[in-house]
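Single-structure report; data block below.
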Amino acid sequence: MKGFAMMGIGHTGWIEKDRPACGPMDAICRPIALAPCTSDVHTVWAGALGDRHEMILGHEAVGEVVGVGSLVKDFKAGDKVLVPAITPDWNSLEAQGGYQMHSGGMLAGWKFSNFKDGVFGEFFHVNDADGNLALLPEGMDYASACMLSDMVPTGFHGVELADIQFGDKVVVVGIGPVGLMAVAGAAIRGASEIYAVGSRPNCVALAKEFGATHIVNYHDGDIADQVLAKTGGVDRVVIAGGDVDTFAQAVRMLKPGGKIGNVNYLGEGDYIKIPRTEWGCGMGHKAIVGGLMPGGRLRMEKLASLVTTGRIHPGKLVTHRFEGIEKVEEALMMMKDKPRDLIKPLITI
Ligand code: NDP
Ligand code: ZN
């Protein structure tokens, strides 16, 4: 089969590989819809995970099951499925401890395009199919379904990590597709004011539609200064954009007792600096938590129910559409170059 792969840091290309083998608990799927991710860009061009050779890229897909292992109970060939970007080993000790995304080691629940071939191939392998796949709900469009792989669960995880409470004043740093879903999640969680940080006009418009009450443009000066001038301090910050220096800004804009939930994939920079005085000289009760999205079927089914009941509209993230698997290359390059009108491309097959 053919697949679009990382050949080494900074290099991509099409390769031929054997079709993946199916273990007793696994499924083999073919992609129906695919999306490239900013994480693919960090992986290839920043080498953020280290070098990878001839590894098929991609971790956002809607699939059709073409075969299952002998122990798989709930899925069969022909089923259309939602595929989470993170597919933990559910019988691992880490999963039993509540950190399934780190099953087998730090970040090791993230298998596609990290420890094994991803979804940008004619076929892909899903471990622990009963624990990780979810049936595509009837009538769900592929754009929404594909955004359930990663954009919705990651944006919402930022909200969970920041522990947003009713009435909180919240800043969401970054309103690319992940941050936009964090805005939607913060609104559902009952935030009273949502300060969305970004500059692309269509992202700003969608942030407002998803619940942002204020927009902060980081090109207009330090975002902490801007937020502090408007609020005097906020309760929660979700970080879904920026860089290692964003944390110092987040600590500064937070009230004592505040929480930062980071889902940004830090591709560069060796250290994160925390400003000593604004962190209460170590005693300010300002928490910083960063996490990889949890995967799994139950979570996928619950998040999908927010789409089917009309509570969230992740399909609106898709701004560019392509047809045919060979278009993943163009779509990934688009993700890398980030034209101003791009939020998320979708490839249907
Ligand atoms: P985008 O690049 O589309 O969006 C980034 C956002 O950050 C944009 O709104 C951008 O503004 C804004 N931004 C850029 N620079 C700054 C700055 N200096 N200060 C403040 N804001 C800034 O990214 P995605 O939404 O696709 O992804 C966000 C991050 O989440 C990525 O790092 C991605 O790898 C990561 N991720 C993490 C996962 C997890 O499980 N933890 C899973 C999936 C993704 P502008 O409007 O000007 O472009
Ligand atoms: Zn992704």
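The values are calculated or read from the model by the stated rules, or taken from the named source; none is laboratory data. Given the structure is predicted, the values throughout are model-derived calculations rather than measurements. When we count neighbours, we look across all protein chains shown, and the Cβ atoms used for this are built from the backbone with ideal geometry, even at glycine.
Quick notes on this structure:
- Restricted to the range 1-105, the set of strands (runs of 3 or more DSSP E) holding at least 2 residues that are over 26 Å from Phe322 (Cα atoms) comprises 60-68.
- Complete set of residues in the range 195-224 that are within 10 Å of ligand 1 (Cβ to nearest atom), among the aliphatic types (A, V, I, L, M) and under 20 Å from the mean Cα position of the chain (by Cα): Ala196, Val197, Val204, Ala207
To keep it simple, each residue is scored yes or no on (1) in contact with a Leu (Cβ under 7 Å, 6 or more places away or on another chain); (2) at pLDDT 95 or above.
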| residue | (1), (2) |
| --- | --- |
| Thr231 | no, yes |
| Gly261 | yes, yes |
| Tyr265 | no, no |
| Pro275 | no, yes |
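- Residues that are touching a strand residue (DSSP E or B) at 6+ places or on another chain (Cβ under 9 Å), within 16 Å of ligand 1 (Cβ to nearest atom) and touching a residue at least 12 places away in the same chain (Cβ under 8 Å), drawn from the range 329-346: Ala331, Leu332, Met334, Met335, Asp341, Leu342, Ile343, Lys344, Pro345, Leu346
- Subset of the range 76-100 [hydroxyl-bearing (Ser, Thr, Tyr) and closer than 14 Å to Asp26 by Cβ]: Thr87
- Exactly one residue out of Glu330, Glu301 is assigned to a helix (DSSP H, G or I), closer than 19 Å to Met6 by Cβ and more than 16 Å from ligand 2 (Cβ to nearest atom): that is Glu330.
- The one condition in (1) in a loop (DSSP other than H, G, I, E, B); (2) at pLDDT 95 or above that Asn114 fails to fulfil: (2)
- Qualifying position, being within 13 Å of ligand 1 (Cβ to nearest atom) and either farther than 18 Å from Val251 by Cβ or at pLDDT 95 or above (or both), among Gly284, Gly291, Gly280, Gly269: Gly291
- Residues in the range 14-41 that are more than 15 Å from ligand 1 (Cβ to nearest atom) and β-branched (Val, Ile, Thr) were compared, and the one that is surrounded by the fewest Cβ atoms within 10 Å (Cβ to Cβ) is Ile15.
- The single residue among Glu278, Glu323 that is surrounded by fewer than 16 Cβ atoms within 10 Å (Cβ to Cβ) and acidic (Asp, Glu) turns out to be Glu323.
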